[in-house]
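The values are calculated or read from the model by the stated rules, or taken from the named source; none is laboratory data. Predicted model only: the values in this text are computed from it and were never measured. Using ideal geometry, Cβ is built from the backbone for each residue, glycine included, and neighbour counts are taken over all protein chains shown.
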Amino acid sequence: MSEDNRGIDAGGDSPEQTERSGRSVPRAWRKVKPVPVILVVLLLISGGAATWLYFTQYRPDKQTDAGVASAVVNSASEGTVAILSYSPESLDKDFAAAKSHLSGDFLSYYNQFTEQIVAPAAKQKSLKTAARVLGAAVQELHPDSAVVLVLVDQSTMSKDNPDPAMAASSVLVSLTRVNGKWLITKFDPV
């Protein structure tokens, strides 16, 4: 080889290699397949879209905070006391107070139950009940619904038994937000 030829070979690409490929492309890019690249790009786009949706749209933790939890517990406690407390002298007022805490099918059930069973028994036997909440805790909390466990102490007196009969119970109270107010939609003794 002459010195002139050595200078050409030292440059790296021989004229034959450049002519074969037509263009100079690094070897790593020549081996990349398009399908895996497209799949990786689609995966990154879907991950980015899911992250954006979570942080801008979904975020139930931002829609339910400590203030909402406190309001739910208060509504469940007040409603429970209203449902379980009545006196024969003020039945209509007591039932109206309870109904203001209710909604949906449970309101219909409560209307029927108080008219057909509770009111006649309360008047006939002079039943007087008083309930107080010992404690309450949120079991589930969503932006427009909640479930609260309420611990209740209830005393019942009648003309036949003037000494109060005490009973403690637990109730799962389901609530729904209606026009900004938490109303009871289910009342299930545990």
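For this structure, a couple of remarks:
- Among the residues of the stretch 68-86, those identified as in contact with a helix residue (DSSP H, G or I) (Cβ under 8 Å, 6 or more places away or on another chain), assigned to a helix (DSSP H, G or I) and surrounded by 21 or more Cβ atoms within 10 Å (Cβ to Cβ) are G79, I83.
- A count restricted to the stretch 87-112 and to residues that are loosely packed, with under 12 Cβ neighbours inside 10 Å and among the hydrophobic types (A, V, I, L, M, F, W, C) stands at 1.
- Residue match in the stretch 42-60 (condition: under 34 Å from the mean Cα position of the chain (by Cα), assigned by the TED database to the domain that holds I184 and outside any helix (DSSP H, G or I)): no
Conditions (1) within 16 Å of the chain's Cα centre (by Cα); (2) assigned to a strand (DSSP E or B); (3) modelled with pLDDT of 95 or more, marked per residue:
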residue: T129; (1), (2), (3): no, yes, yes
residue: A136; (1), (2), (3): no, yes, yes
residue: V147; (1), (2), (3): yes, yes, yes
residue: V152; (1), (2), (3): no, yes, yes
residue: D160; (1), (2), (3): no, no, no
residue: L183; (1), (2), (3): yes, yes, yes
residue: F187; (1), (2), (3): no, yes, yes
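- Residues of the stretch 146-189 satisfying the condition of being over 17 Å from I83 (Cα atoms), surrounded by 15 or more Cβ atoms within 10 Å (Cβ to Cβ) and not aliphatic (A, V, I, L, M): S158, R177
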